[in-house]
Each structure stands twice: as structure tokens, then as C-alpha cells.
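The values are calculated or read from the model by the stated rules, or taken from the named source; none is laboratory data. Nothing here was measured: the structure is a model prediction, and the numbers come from that model. Heads up, the Cβs are rebuilt from the backbone with ideal geometry, glycines too, and the neighbour counts pull from every protein chain shown.
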Amino acid sequence: MTSFLSVAHSRALRRLSLFAVGASAILVLSIPHLTNGYARLLAFTMLVNITLALSYDVMGGLLGYLHLGHGLFFGIGGYAAALALGRGFHISFSLLLAAVVGVSVAYASSWPLFRFRAEVFALVTLGLLYLAERLSTSLATWTGGAAGLSLPPDPASPWTQPSAWVLTLVVVLGHYVIRRSRLGMELIMIRESEEMAESVGININRVKRRAFLLSAAPAALMGGIYAREISFLVPSDAFGLDHSLGPVIMCLLLRPGTTWGPLVAAVGLTAIQDILWTTMPRLHLSLYGALLIGLGMMHTCRRSGG
Amino acid sequence: MDLVSFLQLLLSGILLGGVYALLAAGLALCFGVLGLLNLAHGSFLVLAAYAYQTLQAAVPYGSALGFLLIPCLCGLVGFVTFTALLGGPYRRSPEDFLTPALLITLGLALVLEELVAILWGHSMAGVEDRFFPIQLGQLSLSGNRALILIMMVVLSAALHAWLKHTDSGRCLRALAQDQLAATVVGISPVGTSALAFTIATGLSAMAGLFYVTLFTVTPHLGLPLTLKALFLIVVSGRRSVVAPLSGGLLLGVLETLIAGLMGASWASIIALTTLLTCLCYRPDGLFTEGGLHKAH
């Protein structure tokens, strides 16, 4: 009986996910045709959120870590690309640089990070994000400090929207593939029981590190694209809590560890956020706060129920 | 830098360290008993600081009244918060409590931060020195600061005495040592945890009153302060309430000296980097002792 129910349930979920993928594909394909500035920005925000949510899900959903500093890589990618663009490099080189720098930072920080227990990992990632924000404020000769770094208007701007949606599609498909690959299975196994995974011969640290790098790379790339699209970076935005807590909420909201869950949540939350920001701009931190509180209170129910 | 200004810096470092130590002591209390890493801890400090500033400006003898009332009120708010938000998840699964607790307290920190920003705007809070300065040779120390120094010592001693010599303090330590055994002899885990959370929030409010008297407070100070205090208890590596005290003092002195030498913006960067580096060398700092969080 229960197995029948779960089969029916998963079938409904699959149908829903097909619908969601179709809807977002239509949305994504329509983006290059958007000329209206507001709609263009909204669509771009949605792409950023989808990419961040799904790349976060590799760490948060599949591996089950609470990672509070995903925006660190977004910000690092953004600043790397902005600094290269500001010195007159081509956009393709700048984006490459963003990805390389983001992945190198992730690689370097993964050595100490995975020695921590999951709770301390969450704290340390939040600490790193805060540290990056302070550093980018203090290194004013490079980053422009708290006043921000603005880029000159560019000839390559028509490329940012298409590259954003190509990246998003790659991330969506990549997440789908990773989840069904050997790596995805290993991640899920580590999430369920680290001892078990170790006992069947999985190299836990290597697998975790791969997941970390795979989740950092799209975030850094998207940060680079964001820097070009917005043409203006401030520490409080690039390394702000929005780009770190948003993905956590989007991942945990519906069904962590699936492709459709973070995808649908990212699309939905972007729309809700947009409405809320335009109607009551002062309450946007509280919205995140209330969502986090709700998710935390649901967390144990969900565990004991499922 | 001459000797006098160095000593002056040292003194103000010790005061900042005292604030860190009080914050960390409350956090350690929560962590020891509940296994709760409370990310909203510093937000209560900010809330108390702003409330104190308003009260002090509005009412005669506001500062004395504030020192009596605000920690109690904040403790009450802490109790309500615990019962409303954290009690349920804790009761459902005490062993799987850390992740929901992190989510809930982070959410709470954001809500409190915005609440303060809405109620008091983005202006800084600070309280002017009211007492006469005390002159010790060439060193000058305002009466406020001397009073705070004394209160910090008294408060730490009182906390220590409470934990060692009263029934409720013993319950708390018993629960921190071995939850199962404590439950068997009739200690209520939820009730004692609520008590620990209440006292921790009260202590955080007290630290807030000190902080606003010594320095200035902005609405966005909460989370960074909490992070520093959390790293402190992680680094100090023992679930004792007294251990973070010395760490807090050290951090305060370090941060103030760096601020004096290199400028304020580098102080918190270097402090945080130091804490993170220490943590890298002691990744299991918190969890090495047995009890509630035995390594499985």
C-alpha cells in the first residue's frame, strides 16, 4: 500500500517536474527577446536564482550540508570578472577568470572546511562570507571599497543575457545528470550515512570536494555574468546575505536533492520577492528571516515523517 | 606609540574583551546544555542597546532603570522565543536539532535586525559619558568604564557561583554532561534548556548595555558579533562556561590593538582570520569531550 502510494506520488512529482521544466524553458527561451529593462532584469534575476539554487543543491540537497556561504563564490566571481573587464580584457576571458578564481578558492578552502563537522562547517562558511565582505570593503584601491566598483559601458552586453541562460540550462541539465550519476549516488549515500559510505570504499573527502567544486563553479561564473549585466558591484550586494541565504531557502523549501524542487522554488520565490520588494521594500530581510524560521521548524517534522 | 596611549588601548581592549566574554559565556551555556549554536545571540545585544539608549534619554534615572529592567525583559523575550520557536523542534528530535536550530536562529537574527532598523532607523546608538573621569597618573578612566569593569567581574563571578552552587545550576551542568542520566534522575531537558536560553539572552542584553556605553552600536552589528563569539567558543574547545572568558579577553585586546595600529576596518578582519586559523588547527575543538555530543 505504502509503496503504491509512493509510486503514485513520484509519478505526480515527475509530471509536475516536466511541467516546471517546460515552463521555465519557455521563459528562458523568451529572454533574448525581452527589450523592456524591467522584464529583462527580472528574468536575469530569475536565471541567477535558478543557477545559485541548483548549484547550491549539490552541497545542500544531495550532500546534505548546511552551507551558508554559497554567495562567497558568486561575489568572488563577480569581482574577478569586474577587475578583468575594468582593465580592458574581453568578456570571455573575464568569465573564464571568474570561474578559475572561484574554483581555486573553493579548492583551497575545501581542505580545512571538510575537516569540520557539519554544524561548524555552516558557521565557518558564514564567517568566510562575512570576511570576504569586510576584505572587499577594506581593499578599496582594488575594489572601490564600500562605494562600489562601476564598470564602463560595454559593447559585449548583448552577450550577457544569452550566456546567462545557456549557463542556467547547463546547470539544470548538469544537476539532472549528476543526480543520476555515480557521483550523485555517492553524495546521497554520504548524506544518509557517512560510515556506511566509507565502509563500501567511497573516498569521502574526495567526493565531498568534487561536489564543492561543482557547486562553486556555476556560482562564480554567474557572478561574473552578473557583474557585466549590472555593471556595478558593491561588497554588501556581491557578498550580501541575499545570494547566500536565498539558495538555502530555495533548496530546502520544496524537495532538496531533486532537480525540480530548487528550480520551482527559485522561480516562485523570485516572483514573490519581486512583488514584495516593490510593495514593501523595507521588509525583505524579514521575509528571508521568516522563511528560514519556518523551514527550521518544519525540518524535524519532515525528517520524522519521511 | 608611547606607553600611555598603549596602556589606554589595552584598557579599552580589556573592556571590549569583557563584552565578548559575556557574550561567549551565554552562548556556551546554550551550547553546553542544548547543543544549540544560537545565531541570534548578538541580535539581542543590539536590541537591548537601542532600548537602553531610548530609555536613558526619556526617563530620569533611565540608566539605572535600564540596567535593572532591560536584561530581565530580554530574558523574558528569550524565554518566549525559546518556547515558541525552538522548544517544538527540540522536543521532537533532540539529537537532530543542530540544523533546524541554525536555520531558526539565523532567521530570528534577520528579523530582529530589521526590527531594530525599522524602529530606530539606521542611526548609530551611543550613550554619552555621564560620570566624572578618574585619573590614575597619566591614565584616564571614565567613571562609566570603571563601573562596567567592576560589573563585568561581579557578573562573571555570579554566573560561576550560580552554576557551581545552586540546584538549577547543577541541573544545567548535569544536562550538559549526560543528557540521558540527567533525565533519569528527574531533570526536565526542555525546562532546563529554556532556563539556559533565558539566562543567555539576559546576559547578551547585559553585554549590550555595556557595549552601547563603551562604543557605538548599529543595527547590523548583531550577526558579526555573534559569529565572533561563536568562533570563540568553538576555538576554546571546552563546553565550560569559564573557558571562553579568557578567550574573549584575548580577542578584545588583540582587536583593539590592531585597530589602534592599523585602523578600525582591519581589526575585525584580522580577528576573524585569527579565529578561523585557530579553528583550522582544532577542527573538533568543540566536540572532543564526551557527553551530549560524543563522536559517534
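Yes/no per residue for (1) within 14 Å of another protein chain (Cβ to nearest Cβ); (2) part of a helix (DSSP H, G or I):
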site: A:A219; (1), (2): no, yes
site: A:H243; (1), (2): no, yes
site: A:P247; (1), (2): yes, yes
site: A:C251; (1), (2): yes, yes
site: A:P256; (1), (2): yes, no
site: A:I275; (1), (2): no, yes
site: A:Y288; (1), (2): yes, yes
site: A:M298; (1), (2): yes, yes
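The set of residues in region B:10-39 being more than 14 Å from the chain's Cα centre (by Cα), among the aliphatic types (A, V, I, L, M) and modelled with pLDDT of 85 or more consists of B:L10, B:L11, B:I14. Assess whether A:T45 counts as being more than 13 Å from A:Y226 (Cβ to Cβ) and surrounded by fewer than 24 Cβ atoms within 10 Å (Cβ to Cβ). When the stated conditions are applied, A:T45 does not pass them. Return yes when A:R191 is within 14 Å of chain B (Cβ to nearest Cβ) and assigned to a helix (DSSP H, G or I) and no when it is not. It is true that A:R191 is within 14 Å of chain B (Cβ to nearest Cβ) and assigned to a helix (DSSP H, G or I).
Pairing residues of region A:106-127 that are more than 7 Å from chain B (Cβ to nearest Cβ) with residues that are among the small types (G, A, S) and buried (at least 21 other Cβ atoms within 10 Å of the Cβ), at Cβ distances under 7 Å and at least 6 apart in sequence or on separate chains, gives A:A106/A:A216; A:T125/A:G69. Among the residues of region A:229-260, count how many are farther than 16 Å from B:G107 by Cα, crowded, with 24+ Cβ neighbours inside 10 Å and either free of Cβ contacts under 8 Å to residues at least 40 places away in the same chain or not β-branched (V, I, T) (or both). Matching residues across region A:229-260 total 4. Applying the set (1) in a loop (DSSP other than H, G, I, E, B); (2) free of Cβ contacts under 8 Å to residues at least 40 places away in the same chain to A:L173 leaves exactly one unmet item: (1).
Does region B:99-118 hold any residues that are under 23 Å from B:P189 (Cα atoms) and over 19 Å from the mean Cα position of the chain (by Cα), and which are they? Hits for region B:99-118 are B:T99, B:P100, B:L103. When you check B:G191 against the structure, is it within 12 Å of the chain's Cα centre (by Cα), at pLDDT 85 or above and in a helix (DSSP H, G or I), yes or no? Answer is no for this residue. With respect to being closer than 19 Å to A:V101 by Cβ and either hydroxyl-bearing (S, T, Y) or buried (at least 17 other Cβ atoms within 10 Å of the Cβ) (or both), A:A217 fits the description. Consider region B:110-147 and keep the residues that are charged (D, E, K, R) and either within 11 Å of chain A (Cβ to nearest Cβ) or free of Cβ contacts under 8 Å to residues at least 12 places away in the same chain (or both). The one that is nearest to B:L55 (Cα to Cα) is B:E128.
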